[in-house]
Amino acid sequence: MVIRSRITNLPNKLSLRTVLIVPFVLQILGTVGLVGYFSFRNGQQAVNDLASQLRSELTSRIEEKLRNYTEIPHAINRFNTNAFAKGEIDIVNAKGENRFWQQIKIFPATSLIYCGSQQNGEVFGVGKLEGADSLLVWISNASTDRIPQFYSLNAQGNRDRLVGKENKKYDARLRPWYKAAMTENRPTWSVIYPDFTTLLPTITASMPVYDSTNGSFLGVCATDFFLPQEMNQFLKSLKIGKTGSAFIMERSGLLVSTSTDEPIKVGNGEKG
């Protein structure tokens, strides 16, 4: 009897409309909620997939660009080692700068093209040096008392006048790029290091030179490559998004190049 009384009184508390509508509304809300949740999850997954594809595409483009750039220095070195072995470039007496000048004009991403001699550690080359608005000839031999001197170039790419010099002696045979080529006995790369004057990350491709007649070791030809100058512009040209950024790092963690305007001149470098 108590149960019947409660059942009899139920309509007084809940109307039939409420009994019919509330479950229906709850069902709709639940369905809408589930649809919204799955839509959000699917949308989030789609965004993540798109972002992953974009990262892969950008990485591939950066790697392709780096491959193209890093093939150039070795190609230059092959030409110069051949010319060195034939005597077309005279490192000891610093003759033949026009060849270096032409190469660096054709490949502006390179910063310094040069060769070092095994005879007495002479070095001879052309490049973009500290405080210079144009290309300069770099010479260190007996005539300079082993002190590197820098000469301007005329319109034909020939030596013009002395514009500066270092304050200490230079021996190519003691330099990392030279030792690397001797040790590896093949074309090789140096580690990335901050250049002594610019503090920009620099990498050097070097190649040993041998006499074509008796096989004796003559020296090393090398090409410095300033990564940030060209690569920064390339990274900035990539469509990454308003908040995205791209950068290149060496395995050691050294920042080499970036699409941002953050300075990367850090640490104490060592030129050549």
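Looking at LYS165, is it farther than 26 Å from ASP211 by Cα and basic (Lys, Arg)?
Yes; evaluated as a whole, the condition is true for this residue.
Going by the structure shown, is PRO23 modelled with pLDDT under 75, in a helix (DSSP H, G or I) and not polar (S, T, N, Q)?
yes
For segment 216-242, give me each residue that is at pLDDT 90 or above and either among the basic types (Lys, Arg) or over 15 Å from TYR114 (Cα atoms) (or both).
Result: SER216, PHE217.
Keeping to segment 128-149, report how many residues are closer than 19 Å to GLU97 by Cβ and modelled with pLDDT of 90 or more.
Total meeting the criteria: 14.
Which residue is modelled with the lowest pLDDT, if the candidates are limited to segment 150-174 and must be in contact with a Gly (Cβ under 8 Å, 6 or more places away or on another chain) and farther than 20 Å from GLU97 by Cβ?
LEU174
Any residue at all in segment 96-112 that is at pLDDT 65 or above, farther than 30 Å from ASN158 by Cα, among the basic types (Lys, Arg) and surrounded by 11 or more Cβ atoms within 10 Å (Cβ to Cβ)?
Looking through segment 96-112, none of the residues is at pLDDT 65 or above, farther than 30 Å from ASN158 by Cα, among the basic types (Lys, Arg) and surrounded by 11 or more Cβ atoms within 10 Å (Cβ to Cβ).
Would you pick out the residues in segment 194-214 that are touching a Gly at 6+ places or on another chain (Cβ under 6 Å), crowded, with 19+ Cβ neighbours inside 10 Å and either over 17 Å from ASN80 (Cα atoms) or modelled with pLDDT under 75 (or both)?
PRO194, ASP195
State which residue pairs qualify: first residue under 21 Å from GLN149 (Cα atoms) and inside segment 76-93, second residue part of a helix (DSSP H, G or I) and not aromatic (Phe, Trp, Tyr) in any location, beta carbons under 7 Å apart, and separation of 6 or more residues or different chains.
That search, which allows pairs on different chains as well, returns ILE89/ASN80; ILE89/ALA83; ILE89/ARG99.
The values are calculated or read from the model by the stated rules, or taken from the named source; none is laboratory data. For clarity, every value in this text was computed on a predicted model and none was experimentally measured. With ideal geometry, Cβ positions are generated from the backbone for all residues, glycine too; neighbour counts draw on all protein chains shown.
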